[in-house]
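K.L.:
Encoded as C-alpha cells, here's the structure I'll be asking about.
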Amino acid sequence: MKWIKSEDHYRVPLKSWCSDMEPLAMSQAENLVTHPSVFRHVALMPDCHPGYGMPIGGVIACREDVIPNAVGVDIGCGMGAVRTSIPVLDTDRKKLRDLIIKIKEIIPCGEGNSHRKVQPWDNMDQSIDDFRGRSWYSGHVKERAGKCLGTLGGGNHFIEIQAGDDDMIWLMIHSGSRHLGNIIAKHYQKIALELNTSWNVSIPSKDLVYLPIDSNEGKGYIDDMHFALAYAQENRRRIMDRMMAVFTTFFTGADFDNPINIHHNYAALETHFGENVWIHRKGATSARKNEIGIIPGSMGTPSYIVEGLGNPESFMSCSHGAGRVMSRTEASKTLTPQDCDTAMGVVVFDRWSKVRRGKGKGEYDLGEAPQAYKNIDDVIQSELDLIRPVVKLRPLAVVKG
C-alpha cells in the first residue's frame with residue numbers, strides 16, 4: 001500500500017496503492033469515503049483514474065446497499081486468456097497478420113457491430129423473458145443482446161495474440177456485456193436517483209445514489225446484474241472458442257489449457273473483516289489467495305497473468321489494467337498516428353482509423369494508444385502485496401474494437 005488518508009469529515013479512511021492521483025479521481029474517492037453506505041474503508045488500486053461517479057480502479061464494501069455506478073455501465077466487463085501449446089518461435093509476422101484478419105472476419109468488432117442473426121443461447125431464452133416486467137426490457141433489447149453475443153465491442157476492448165515469458169503463445173480478450181449491461185445500469189441508476197431524491201437522503205454526489213439490498217429495486221438490480229454477468233462471461237467464452245478454432249487453422253495440432261474468464265465490473269456478496277458485505281469492484285479484479293487473474297497493459301505493452309495473495313486491506317482485490325493518464329479525446333487531439341506507430345513498435349496492428357469529432361472534422365481515433373495509459377510495469381510493482389506475477393505476456397498482434 002502506498003498511503004492512507006483520513007480526515008475529520010471522512011466516515012471511513014482512504015487506502016491507496018496509487019503513486020499519484022488525478023484531482024478528479026481524488027475528488028470522486030473523497031465522495032466515497034463520506035458516503036453513508038460505505039463500510040470499513042475505500043481501496044484504490046494502482047490503475048485508478050476518473051470514472052463516472054466512482055473512480056475506475058476502486059473497491060468499496062456496503063453492508064445493506066448497492067450503488068449502481070460503483071459497478072459501472074459495462075456490467076461484467078472482464079478478461080479472458082488461454083495458453084496455447086505453440087511455441088513463440090513457431091510464428092512470424094505474416095502468419096500473425098493473416099490470423100488477425102481472419103479473426104476480424106468471424107468476430108464482429110467495434111461499437112455497434114454485431115452478428116446478422118440472433119445467436120442461440122439457452123440461458124437467453126430461459127432468463128431474459130423473466131424481465132418482461134422491467135421497463136428496460138423490450139423486444140429490441142432482447143434481439144440486440146442476441147445479435148451481440150460473441151462480439152467484441154468498441155472502446156478499450158481488444159483481442160491480442162501474445163508471447164509469454166514461458167515461451168508459449170497466449171490468446172487474450174477484453175470484453176463485457178455490450179448493450180445489455182449498459183441498458184440495465186442506466187435503468188437502475190435512474191431508479192436510484194428518483195428514490196434517493198424522494199427520501200431526501202444526504203449523499204456526496206447524485207452519481208452515487210444507492211438501492212437498499214432488501215428493497216424490490218435493490219433485489220431487481222442484483223438479479224439483473226447477475227444476468228448481465230452471465231451474459232458477459234458467455235460472450236467472452238464464445239469469442240475465445242472462435243479464436244481457438246481459427247488459431248488451429250494456422251497452427252495445426254494446437255492444444256489449449258483451460259481458459260481463464262473473469263469479471264472486473266461487478267458487485268458480489270463476500271465476507272470481509274468478519275461481516276457479509278456487498279463488495280463493489282469497478283475496474284478491479286478479485287485477488288483471493290491463489291486465485292488466478294489477468295492484468296492487461298495497453299495495446300503495445302505487456303500484460304500479466306497473476307496469482308492473488310488475498311490481502312484483506314484491498315478487500316482481496318487488485319488492479320484490472322494499466323489505467324489511463326489521458327482521456328480518449330485528449331489522446332486523439334494531442335497524439336499523431338506516427339507517435340502511436342512508434343510506441344506500438346513491431347506489434348501487428350491495423351492502421352489507426354479516422355472518426356468524426358467536433359464540428360464534423362475528421363480526427364484519428366488514438367484513444368487507445370499506449371501513451372494514453374500508465375506504465376503497466378509500474379502498476380504491477382505498486383501491488384506486489386496484492387498479487388504475484390506468474391507469466392508476463394508481450395503483445396504480438398492486436399485487434400481493437
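Laboratory data are not the source of any read-out in this text; all were calculated from the coordinates shown. Here the structure is a predicted model, which is why all the values come from computation and not from measurement. Cβ placement follows ideal geometry from the backbone for every residue including glycine, while neighbour counts extend to all protein chains displayed.
K.L.:
Among the listed pairs 102/282; 5/186; 117/186; 2/186, give every one whose C-alpha distance is greater than 29 Å.
P.N.:
Going by Cα-Cα distance, 102/282; 5/186; 2/186 fall outside the 29 Å limit.
K.L.:
Mind jotting down the distance between the C-alpha centroids of the stretch 137-153 and the stretch 43-62, whole Å?
P.N.:
The stretch 43-62 and the stretch 137-153 have Cα centres separated by 28 Å.
K.L.:
Further question: Taking the Cβ of residue 134 as the centre, find all other residues whose Cβ is under 14 Å away and add up their charges (Lys, Arg: +1; Asp, Glu: -1). All intermediate terms of the calculation are to be shown ahead of the outcome.
P.N.:
Numbers: positive: 132, 142, 186, 190, 219; negative: 129, 130, 217, 223, 224.
Value of the local net charge: 0.
K.L.:
For the stretch 141-202, report the convex hull volume of the alpha-carbon atoms normalised per residue, in Å³, without decimals. Before the final figure, lay out the partial values.
P.N.:
On the way: hull volume 8.2 nm³, N = 62.
Value for the stretch 141-202: 132 Å³ per residue.
K.L.:
Let me ask something else about it. Among 61, 272, 103, whose Cα projects farthest towards the positive end of the dipole of the chain, with charges put on the beta-carbon of Lys, Arg (+1) and Asp, Glu (-1)?
P.N.:
Ranked along the dipole, the leading option is 103.
K.L.:
Another question about this same structure. For the stretch 241-248, just list the computed ³J(HN,Hα) in residue order, Karplus coefficients 6.51, -1.76 and 1.60, θ = phi - 60°, integers in Hz, with x standing in for Gly and Pro.
P.N.:
These are the phi-based 3J(HN,Hα) values: 4, 5, 4, 5, 5, 5, 4, 5 Hz.
K.L.:
What dipole magnitude, in Debye to the nearest 20, does the chain give about its Cα centre under +1 on Lys/Arg Cβ and -1 on Asp/Glu Cβ?
P.N.:
Numbers: 47 positive and 49 negative charges, 262 e Å.
Dipole magnitude for the chain comes out near 1260 debye.
K.L.:
I've got another one for you. Which ordering of 137, 304 is given by a fewest-first count of other beta-carbon atoms within 10 Å? Could the numbers behind the result be given before it?
P.N.:
On the way: 137 18, 304 22.
By the 10 Å Cβ count, ascending, the order reads 137, 304.
K.L.:
Right, next: Please name which of 150, 216, 124 has its Cα lying farthest along the dipole of the stretch 123-225 towards the positive end, using unit charges on Cβ (Lys, Arg +1; Asp, Glu -1) and the Cα centre as origin.
P.N.:
Ranked along the dipole, the leading option is 216.
K.L.:
Among all the aspartates and glutamates, which ones have a C-alpha under 12 Å from residue 219's C-alpha, if same-chain residues fewer than 8 places away are not counted?
P.N.:
64, 65
K.L.:
How large is log10 of I(q)/I(0) for the stretch 23-177 at q = 0.17, 0.20 Å⁻¹ when the intensity is taken from the Debye formula with one equal scatterer per alpha-carbon?
P.N.:
For the requested q values the scattering log ratios are -1.11, -1.19.
K.L.:
Order these by the 10 Å Cβ neighbour count, fewest first: 240, 54.
P.N.:
Numbers: 240 24, 54 29.
Taking fewest neighbouring Cβ atoms as first place, the list is 240, 54.
K.L.:
Positive end of the dipole of the chain, charges at C-beta (+1 Lys, Arg; -1 Asp, Glu), about the Cα centre: which of 342, 17, 76 has its Cα farthest in that direction?
P.N.:
Farthest towards the positive end: 342.
K.L.:
A follow-up question, please. Among all the lysines, which ones have a C-alpha under 18 Å from residue 392's C-alpha, if same-chain residues fewer than 8 places away are not counted?
P.N.:
Of all the lysines, those that pass the test against residue 392 - Cα under 18 Å, at least 8 places apart if same chain - are 374.
K.L.:
Are there chymotrypsin sites (Phe, Trp or Tyr not before Pro) in the stretch 185-282 that DSSP puts in a loop and that have at most 12 other Cβ atoms within 10 Å, and which ones? Walk me through the intermediate numbers first.
P.N.:
On the way: sites: 188, 199, 210, 221, 227, 231, 247, 250, 251, 256, 266, 273, 278; in loops: 210, 251, 273.
The qualifying sites are 273.
K.L.:
Can I ask one more? Could you name the lysines whose alpha carbon sits less than 16 Å from that of residue 333, not counting residues in the same chain fewer than 8 places away?
P.N.:
Cross-link targets: 354, 359, 361.
K.L.:
OK, next. Collect residues whose amide H, placed 1.01 Å from N in the peptide plane, falls under 5 Å from the amide H of residue 163; neighbours closer than 5 in sequence don't count.
P.N.:
Amide H neighbours of residue 163, under 5 Å, 5+ apart: 170, 394, 396.
K.L.:
May I pose another question? In nm, to one decimal, how far is the residue 143 label point from the residue 4 one, both placed 7 Å along Cα→Cβ?
P.N.:
5.6 nm
K.L.:
Okay, moving on. Roughly what % antiparallel, to the nearest 5, for the DSSP beta bridges in the chain?
P.N.:
Working: 65 of 70 bridges.
Taking every DSSP beta bridge with both residues in the chain, the antiparallel ones total about 95 percent.
K.L.:
Just the projected area, averaged over all directions, of the convex hull on the alpha carbon atoms of the chain: how many nm²? Provide the component values of the computation, followed by the final result.
P.N.:
Working: hull surface 79.3 nm².
Directional mean of the projected Cα hull area for the chain stands at 19.8 nm².
K.L.:
When 178, 328 are ordered from fewest to most other Cβ atoms inside 10 Å of their Cβ, what list results? Display every interim value, and only then the final one.
P.N.:
Numbers: 178 28, 328 18.
By the 10 Å Cβ count, ascending, the order reads 328, 178.
K.L.:
Hey, what number do you get for the chain at 222 nm if only DSSP H runs of n ≥ 4 count, each worth -39500 (n - 2.57), divided across all residues, to the nearest 500? Write down the numbers at each step before the final one.
P.N.:
Numbers: 9 runs with 119 residues, N = 401.
Rounded to the nearest 500, the figure is -9500 deg cm²/dmol.
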